[in-house]
1. So if I restrict to the alpha-carbon atoms in region B:204-243, what is the Rg, and what is Dmax, the biggest pairwise distance, in Å?
2. Picking from A:G29, B:T10, B:L89, whose Cα lies most toward the positive end of the charge dipole for the protein assembly as shown (charges on Cβ: Lys, Arg +1; Asp, Glu -1)?
3. Determine one quarter of the surface area of the Cα convex hull of region A:125-170, which equals its mean projected area, and express it in nm² to one decimal.
4. If the viscosity is 0.890 mPa s and the temperature 25 °C, what translational diffusion coefficient in µm²/s does Stokes-Einstein give for chain B when Rh comes from Kirkwood over Cα pairs?
5. Across peptide A:49-57, what mean number of C-beta atoms from other chains lies inside 10 Å of a residue's C-beta?
6. So for B:W145, B:W29, fewest C-beta neighbours within 10 Å to most, what's the order?
7. Per DSSP H run of at least 4 residues, take -39500 (n - 2.57); add these up for the protein assembly as shown, divide by its residues and hand me the 222 nm value, nearest 500 deg cm²/dmol.
8. What is the list of residues in region B:222-246 whose amide nitrogen lies under 11 Å from a point 7 angstrom out from the Cα of B:F5, following Cα to Cβ?
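Readers should treat all values here as calculations from the given coordinates under stated rules, not as data from a laboratory. As the structure is a computational prediction, the values presented were derived from the model and not from experiment. No Cβ is skipped: glycine too gets one built from the backbone with ideal geometry, and neighbour counts run over all protein chains shown.
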Amino acid sequence: MSLVKVQGLTLGYGGKIVLRDVTLAIDSGEIVTIVGPNGSGKTSLLKAIIGALQPISGKMHYKPRLKLGYVPQKLHIGPTLPITVLGFMRLTDSVSKKECSAALDKAGVPDLLNRQMSQLSGGQFQRVLLARALIGDPELLLLDEATQGLDQSGSASFYRQIEEVRASTGCAVLMISHELHVVMSASDRVICVNGHICCEGSPSIVASAPEYKALFGSGTEGALALYRHEHNHQHDCLDPMHSPVSDNRSDS
Amino acid sequence: MLDDFMIRATLAGVGVALAAAPLGCFVVWRRMAYFGDATAHAAMLGVAIALALELSIFVGAMSIALLMAVTVSFLAGKNYAMDTLLGVLAHSALAFGLVAASFLTGMRIDLMAYLFGDLLAVSHSDLAVIWLGVLAVIVMTVWRWSPLLISTLNAELAYASGINPKREQLFLTVSLAITVAVAIKVVGILLIAALLIIPAAAARNLAWSPSSMALIAAVIGAFSASAGLGGAYLLDTPAGPSIVCVAALIFAVLITVKRPT
């Protein structure tokens, strides 16, 4: 059975509708990515699923006692707030130090337990957020642009971590990203939204769909190829054909 | 024992410092320093209304402080930034309060007592009201500690954990209004924000966790209250400002301490 089922969902703020008539279901163990331009309603959709936004109309069904893990879009812990990684992970659930340690291992950042949150690098911080979401073995992991502020190789490795987590725990993943090329290779299914669901399907189907191309242009297909290329890179920077492309990428 | 005015004053000062410490930490973490200051200023209008209607000062100050806090939260983000709204509403309320107080010709009211506190005149009943408010605030902050912290970090993260950050914000607002009301007698309307912020800010350099910061702030606050009062007695200086001076000196010393990593 589906973990979450959304039927005819319409979302908005103060009378302004941002997302209309969305129907989708997330099954256990699948990685689903929502892509869409700014203001397309993708973050609102995720907010509705975690209960932070009341829908205007439509129905949401959750598997009974569904355990969610949520990785927020942006979280800033400034130096005014002293809190260790362990303290942060135990904030709302009473979990043992051992469980926190195990979650950090899964997220690929062991040995951070006693560090101050404000002293972590961007990549470490996102992985600690991931580790926190993994506590209690969630059946569904929700990620809202979880790699904002990370560079391209940082986010690629973050998404590889997500794939690893799914492989080891079997949890489903629903994520939002604007880094289409990086995310798409990790997804089983892609849903493209822009005020409504434009198209959905496997990454390759969506990437070649006319609705998708109309929104993002066909250039992203090139980026997808680029990512695959980077994924199994073999020092091909010696190849003169590739160097200008790599330069472009690091500039963007 | 409670018949000695110095003991009553110390108990009142220490009590308010204890309530203000954990609340002050949230004020610092959530960048609500100006919000706290504005809520306190608004209490002047509450004092004037209470005097005119012969109500309890505590009730008047708390009601207006609460009303101000809720109004600001409601209006913020519409057409004005939070700090602009606070500037408009808080200073207006203070001005209206001062003007309204001047109409109360029937009685001679000592404005200085409300603006800068009147700690040495704390009566038995004042002390009872202050400690009731203090206990309410301490119970509320301890009870809501983790939900408040997670809401402070990120609203969506709170929702995902089944916590409504708007409800938590309300707890904080009510606690702030109560603290403002009980602190008027101790440090006065103009210096309440100092009692919230300075001990928390001074505690930061010694703290390693959120709760340690609140506890250290409580110790600093309580010490400042006792030492400030003692100093005021010896040097014949105003009690409220003396307490804030001690806290400020502690802050100045602790700011040189290297943060634990």
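1. Gyration radius and largest Cα-Cα distance of region B:204-243: 12.8, 39 Å.
2. B:T10
3. Working: hull surface 12.2 nm².
If I average the Cα hull's projected area over directions, I get 3.0 nm².
4. Working: Rh = 18.5 Å.
For the chosen part, D equals 133 µm²/s.
5. Numbers: counts 1, 7, 7, 8, 2, 0, 0, 0, 0.
The per-residue average across the peptide is 3.
6. On the way: B:W145 16, B:W29 22.
By the 10 Å Cβ count, ascending: B:W145, B:W29.
7. On the way: 22 runs with 301 residues, N = 513.
Theoretical 222 nm ellipticity from helices: -19000 deg cm²/dmol.
8. Under cut-off, by backbone N: nothing.
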